[in-house]
Structure formats: structure tokens, C-alpha cells
Amino acid sequence: MSNSYLDNLTPIDLNSEERPKDLEALRLRVASPERVLSWSYGEVKKPETINYRTLKPERDGLFCAKIFGPIRDYECLCGKYKKMRYKGVVCEKCGVEVTSSKVRRNRMGHIELVAPVAHIWYVSSLPSRIGTLLNVKMKDLERVLYYEAYIVKNPGDASYDSNGENPVQKYDVLNEEQYQHLHTYFEHSGFDARMGGEIIQELLAELDLVDIMMQLKEDIQNTKAVAKKKTIVKRLKVIEALLDSDNRPEWMMLTHLPVLPPDLRPLVSLDGGKFAVSDVNDLYRRVINRNQRLKRLVELNAPEIIVRNEKRMLQESVDALFDNGRRGNSVKGANKRPLKSLSEIIKGKQGRFRQNLLGKRVDFSGRSVIVVGPSLKMDQCGIPKRMALELFKPHVMAKLEEKGYATTLKSAKKMIDQKTNEVWE
């Protein structure tokens, strides 16, 4: 779909209560930190899910009723306010809003990350979007993000040789030995090279996309080498896509991590007092634990090497949450099975889109032996009664209501499911 067509459409805010019938197109965009905060109903600070004695959600945890809404319809957590007449009231004791428990399917939370982390889709997908923008190889970018190498922000007067004939360039990636040498001799000249998510975010934020686009268009005219032209075209595509969609490059680095509504990552009670927990909860728990630990280390002014290691582990835990196993070793659960990440929930035949949101072809398919039907015309075919009932379910439901056999569509559907005598009439 062309961008000019999308630009002519008027954006609308979708509300869970009302579903617009005039929806013409859907555009996916990178969410800014402000947008993530606007979705959120509160910050998730604790890795706990529910209290196993009271079976109530832990406050500020992954199932917190204050953030995500009540667990029972129109009843606050402490039980002070019950029934519909208190709708919209926020309990002063437990802080839970009195409303329908259905809000737990759409209310989101957020985790405020102590250090920015990269979204793995923009790092490890080919071509690497962040790498292409900064003109850095994907492997080098990964080394910087996982605290194995330094990237130059300001080269100052630094040079790789003593004559100054081989100057250090912006975005050069340095190993520990190179960094220590350059830092010792050129720190006073403004030389600045760092590692991790913070420096990548700073470099992305200072990019002038329009300026770079004009420069690249000029370069492509003056370049004859085919390989170089391909590289320029690749960068140009990413930059134009960002400008057309009105996205900022630094949004590819996460400072606020959205937390899915709890009913989309449920915790189910089993026989014998045990619980089955969605894998996503375990992955969120790892992120929160590491984030809180990093926060404490920063407050304690811990040695740089320990803080770096914790930041790397935070990056790895966010990677596992979005796409477990993308970078090799996948995070495994108690039964040694890789945990299902957010990507795995939405992709493939068993994913959210194909399994739940799109219509299933098999609902209206069947297999049968073809037999002669003397009473059928040439342009007719016979189908079994059960299949006909499934095909014409909406019409049958309307007829049941019309004839007074059912008072609501829900009761009509129940009659069809039970295949009562009235249905066949």
C-alpha cells in the first residue's frame, strides 16, 4: 500500500468500547516512549504474580489489580466497594478502580528500564535497521550493545598512528586495547568512545535524517562502484521509510517496556493447588529482577565492570522476551523447554493472527463421499444437515429469534450447539 494513500487517510483512536465500521487501513509504527506511557495504567515494579496464600494479585506485581483492573466484576480488591453502583470509584484503601474485570484484557502496564536497551528486531533482522542507519556492521553493533566493544561518538584529534595520517572516524568500533591506548593519549582532545545501549541511543538521537538523505542522494550520483551503490540504496531505504512514517531512530531503543494485559498471559489454577503460568510471565519476571538489581547497583556506585555486566544481562532478558532464541541460546523453563516469547505467540499457524484473529477456512470445509442425487438439478449439490447448519448458522439464529424459540442471540447459539428439535424445523 503506497504512503501517499495512507497519508490521505484520517487517523482515528480505537476505543475498546466502540469499533469503527469505516476502518480503511492499518498502519504499524514504532512506539515512542511517550506513546508507551500513554498506553500504561501504572509501572510494574515487582516480579511477583499472586500471593499463594490469599490467591490475590501482589501490589505493583505482574498481575496488580491497581494497575490492570479488578479480578472480580465491579468489586475492589479489599472488598470495601461491591456492586455496579460504585462503578468508576477508586478504592482509597487498595487503590483498585471498581469496573468490569474485562479491562484486564486491554489495560497495559510498563517497566521503566534503568538503562536503554535495543529492540532485537532492529538489531538482528537483516538488514539491521540500527546498523544500517549508523553505517555499522551488524556484528560490530552487537559487540557494542553487549559490552564487548566501544563505538566512537567524538573522535577529537585521535589517530591510530603517531603521524596523524590515519585519524579515528566517528562510528569506528574499537576493542579494549585500542580504546585504552586512544583514551590515554587523546582524552584531552575531546575523544569520546563508549559501549552499550546509552551511546547507541545518543548516536541515533543526534541523526539528522533529512541531511543524511540529501548527502546519500548526492553520493549515489558520484559513485560508480556497484557494491557501494547497493550499500547507499540500503541506507536510503531505511531513512526514507523512517521519514515517511514520521518515526524517530532513537525509538528503536527502549527506555519504557510495555507489559501485556494479564488476561493475555494468564495464570491458571490446577488441581492440587498448583498453577500453570504463561511463559511470557517468566520472561517478564527475568527483566524486572535484572532491572531492579541494576537499579540497586547504580545507587550503590558499584564498580563499572559489575554495572556493565548487569546492563548486558538486562539487554539479553529483553531480547528473550521479544524473540527467545534469536541470538543462539534460548532461555529454558523448569522442564528444559525453551520459553515461548512474544514473537512466537504471534507468528506461524498457531500464532495469534492466523489462529485467533483471521477466519478459519476449516470451519466451512468438510469431506464426504459423492453420491448420485436423483432429485437434484444439474446446478445443485447436496451437503449433510450438520454442515448446512454450520454454514447457515447466522440465518438459523435469526429465524429462531423471529419465531420466538429464543429470546437472545446467545440462547439461539446455545440451541444450535445443542442441536435441539426446534433448530431442524
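Just so it is clear, none of the values below were taken in a lab; they were calculated from the coordinates. These numbers were taken from a predicted model, which means no experiment stands behind them. Cβ coordinates were reconstructed from backbone atoms using ideal geometry, including for glycine residues, and neighbour counts include every protein chain displayed.
In this calculation the C-beta distance from residue 335 to residue 269 is compared with R0 = 25 Å, giving a FRET efficiency of 0.85. Each of the peptides 277-283, 195-201 was scored by the mean count of other Cβ atoms within 10 Å over its residues; in descending order, highest first, they stand as 195-201, 277-283. Let me know the shape class of region 145-303, please: from the alpha-carbon gyration tensor, a ≥ b ≥ c as square roots of the eigenvalues, rounded when a/c is under 1.5, otherwise prolate if a/b is greater than b/c, or oblate. Oblate. For the chain, hydrophobic long helices are taken as DSSP H runs at least 18 Å long by C-alpha position along their axis with mean Kyte-Doolittle hydropathy of 1.6 or more; none is present. With a simple spin-label model that places each label point 7 Å from the Cα along the Cα-to-Cβ direction, the separation between residue 383 and residue 176 comes to 6.9 nm. Hey, with R₀ at 45 Å, roughly what FRET efficiency would residue 53 and residue 420 work out to, going by the Cβ-Cβ distance, to 0.05? For residue 53 and residue 420, the calculated efficiency is 0.45.
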